[in-house]
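Colleague: Below: one structure in C-alpha cells.
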Amino acid sequence: MEPKGRPAKLRKLEHIQETEFTTMTDSAPAVDQVEAQDDSVPETHPLTNVEQEQAGVSRGDTKAMEEPVEPAPKLSKNQLKKQRRWERWESGREDRKVKRKEKIKARKERRRAEWEEHRAEGSNSQPPPMRAPRRGEPPGVQVPITVIFDCNFEEYMHDHELKSLGLQITRSYSDNRKAPFRFHLSISSWGGKMKERFDGVLAKQYTSWKGFQFCEEDFVKTSEMSKEWMKGPRGGKSAGALAKDSTEHSTDEGKDADEEGEVVYLSAESDNTLERLKPNSTYIIGGLVDKNRHKGLCYKRALDRGIKTAKLPIGEFLQMDSRKVLVTNHVLEIMLKWLEHDDWGKAFIEVLPKRKGGVLKTEEENGEEGTSDGEEEAVVEQAGDARMTAAIEAESAEGDSNQAPA
C-alpha cells in the first residue's frame with residue numbers, strides 16, 4: 001500500500017552548492033587586497049615567560065584559566081575580629097618602637113640627672129648598672145643533686161601539649177637559675193618534635209643554657225651519666241637543707257649512705273613517700289602533659305626498668321580540693337623551695353596555685369577549733385539575751401500590777 005499523505009520534496013543540492021560558492025567568492029578579498037593587508041600588519045612574536053606571567057597565562061595553564069575561580073571562604077565574626085586586631089597590632093609596630101626608644105632615652109636622662117645631683121652633693125659612688133650581667137655564673141649555690149626530665153612521651157601527647165611541655169621546661173630552667181640553691185638539670189630522650197620546636201621557634205636559645213644537659217639516651221643511661229656531673233669541684237656542695245642533714249648524720253655510716261646517693265622516679269601513683277632529698281642523688285620527673293588521660297604511665301615505666309619510685313608528701317601536709325598530679329615546673333620548684341626552707345608545707349603553699357585549693361592541715365585544724373570556740377561564745381550570748389528578755393518582761397509586769405484601776 002502507498003503511504004498516506006503528500007510525499008516529501010527532494011532537496012536541490014546543486015542549487016545549494018552554487019549559492020554557497022557565490023557567497024564565498026563574494027566575501028573573500030582580492031589577492032591584491034590580501035598582499036596589502038600583509039604589508040600593513042606587523043609580524044607577531046611569541047610571548048616570553050615574563051609576559052605570559054604578567055598576562056596571567058603560563059605554559060600549560062590554559063585549562064586553569066578556563067575554570068572558574070572559587071570565591072574566598074567567608075570569615076566568621078571572631079576570625080574577622082582577630083584579623084583586624086592583628087592588622088592594628090602590625091600597623092602600630094613602628095610607633096611602639098619609637099615610644100620604646102623614647103622611654104629608654106628618658107630613663108637614661110633621669111639617671112644622668114640623679115648622678116649629677118649626687119656629684120654636686122660630693123658623693124663619689126659609682127651609679128648602679130642599668131641591667132644585671134647576663135653572662136657568667138648565676139648567684140645561687142650549686143648542690144650535688146640532679147633532676148632529669150624524661151621526655152620520651154611524645155607519642156602520647158598532642159601538638160599543643162608538646163608546646164606546653166616546652167614552656168614548662170623553659171620555666172624550670174629559669175626557676176632553677178634564680179634559686180638560691182640550684183640543681184643539675186638534664187633532659188633524656190632529647191629529639192623529635194621537642195627538639196624541632198627548640199631549634200625553630202625558640203631559635204636554639206637552649207644551647208646557651210648553663211648547667212643543663214641535653215641527652216639523646218633514655219632516663220636510665222642519663223641517670224648513670226649524672227653521677228659524673230655531681231663529682232669534682234663543679235659538682236656542688238651540700239648547702240641549705242642538705243647542710244643540716246650532713247651535720248645531723250655525724251657517723252661514718254650515715255656519711256657513706258649520703259655520698260652514695262640514689263635514683264628515684266617521682267610519680268603520684270607510688271606507695272613510697274619522699275621525705276627528704278639526698279646528696280649525690282638523681283630524681284626523674286616524667287615530661288608528660290596529657291590531662292590525666294594515661295594514668296600511671298610514668299609509674300609503670302619506672303617499674304619496668306627497675307627504678308625506685310616515690311611521691312611528694314602532699315597528703316601529709318596539705319588538704320587539697322583537686323587531684324594531686326602536678327605539672328613539671330611545679331614539682332621542680334617545690335623541691336627548690338624545700339631545699340631553701342627545709343619545710344615541705346611551706347614549699348607547697350608558696351608554689352601551688354590557689355586554684356588547687358591547698359590548705360595546710362595545721363591551719364585547717366586551727367580553723368575547726370576556732371569554729372568550736374565561736375559556737376560556745378554564740379551559746380553564751382544567746383543565754384545572756386534570754387536572761388535580759390526575761391528581766392524586761394518581769395519589770396513590765398510589775399509596772400502593770402502597780403497601776404491603779406481606771
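Colleague: Suppose the filter is on the phi < 0 side of the Ramachandran plot, under 27 Å from the mean Cα position of the chain (by Cα), modelled with pLDDT under 90 and β-branched (Val, Ile, Thr); does residue 264 pass it?
Modeller: Details: on the phi < 0 side of the Ramachandran plot: yes; under 27 Å from the mean Cα position of the chain (by Cα): yes; modelled with pLDDT under 90: no; β-branched (Val, Ile, Thr): yes.
When the stated conditions are applied, residue 264 does not pass them.
Colleague: Hey, among 257, 203, 243, 239, which residue is modelled with pLDDT under 95, aliphatic (A, V, I, L, M), more than 28 Å from residue 306 (Cα to Cα) and not in a loop (DSSP other than H, G, I, E, B)?
Modeller: Matching residue, one of 257, 203, 243, 239: 243.
Colleague: Something else now. Scan the stretch 170-181 and tell me whether some residue there is part of a strand (DSSP E or B) and within 15 Å of residue 288 (Cα to Cα).
Modeller: Taking the stretch 170-181 first, the residues part of a strand (DSSP E or B) are 181.
Still in the list and also within 15 Å of residue 288 (Cα to Cα): none.
Taking every residue of the stretch 170-181 in turn, none turns out to be part of a strand (DSSP E or B) and within 15 Å of residue 288 (Cα to Cα).
Colleague: OK, next. When only residues in the stretch 184-194 that are at pLDDT 95 or above and in contact with a Gly (Cβ under 8 Å, 6 or more places away or on another chain) count, which is farthest from residue 342 (Cα to Cα)?
Modeller: Within the stretch 184-194, the subset at pLDDT 95 or above is 184-190.
The next check asks that each one be in contact with a Gly (Cβ under 8 Å, 6 or more places away or on another chain); those that pass are 184-185, 187.
Details: 184: 19, 185: 21, 187: 26 Å.
For the stretch 184-194, the residue satisfying everything is 187.
Colleague: Only residues that are outside any loop (DSSP other than H, G, I, E, B) and either aromatic (Phe, Trp, Tyr) or within 22 Å of the chain's Cα centre (by Cα) (or both): list them for the stretch 267-296, please.
Modeller: Passing the criteria: 283, 284, 285, 286.
Colleague: Now, a different point. Would you tally the residues in the stretch 261-280 being touching a strand residue (DSSP E or B) at 6+ places or on another chain (Cβ under 7 Å), buried (at least 18 other Cβ atoms within 10 Å of the Cβ), over 16 Å from residue 188 (Cβ atoms) and not hydrophobic (A, V, I, L, M, F, W, C)?
Modeller: Final tally of qualifying residues: 4.
Colleague: Still on this structure: Can you tell me how many residues within the stretch 206-231 are buried (at least 18 other Cβ atoms within 10 Å of the Cβ), under 26 Å from the mean Cα position of the chain (by Cα) and assigned to a helix (DSSP H, G or I)?
Modeller: Total meeting the criteria: 3.
Colleague: Another question about this same structure. Please specify each residue of the stretch 330-358 satisfying the condition of being crowded, with 21+ Cβ neighbours inside 10 Å and either touching a Ser or Thr at 6+ places or on another chain (Cβ under 7 Å) or among the small types (Gly, Ala, Ser) (or both).
Modeller: 332, 347
Colleague: Residue 200: of a type outside the set (A, V, I, L, M), surrounded by 13 or more Cβ atoms within 10 Å (Cβ to Cβ) and over 15 Å from residue 145 (Cα atoms), yes or no?
Modeller: Judged against the criteria, residue 200 is not a match.
Colleague: Go through the stretch 180-205 and give me each residue that's within 19 Å of the chain's Cα centre (by Cα) and on the phi > 0 side of the Ramachandran plot.
Modeller: Selection gives 191, 192, 203, 204.
Colleague: Restricting attention to the stretch 148-169, does a residue exist that is polar (S, T, N, Q), at pLDDT 95 or above and farther than 22 Å from residue 292 by Cα?
Modeller: no
Colleague: Please determine whether any residue of the stretch 125-145 is surrounded by 10 or more Cβ atoms within 10 Å (Cβ to Cβ), among the hydroxyl-bearing types (Ser, Thr, Tyr) and either modelled with pLDDT of 95 or more or assigned to a loop (DSSP other than H, G, I, E, B) (or both).
Modeller: No: zero hits.
The values are calculated or read from the model by the stated rules, or taken from the named source; none is laboratory data. Computed from a prediction, not measured in an experiment: that's the story for all the values here. Every residue, glycine as well, gets a Cβ built from its backbone with ideal geometry; the counts of neighbours run over all protein chains shown.
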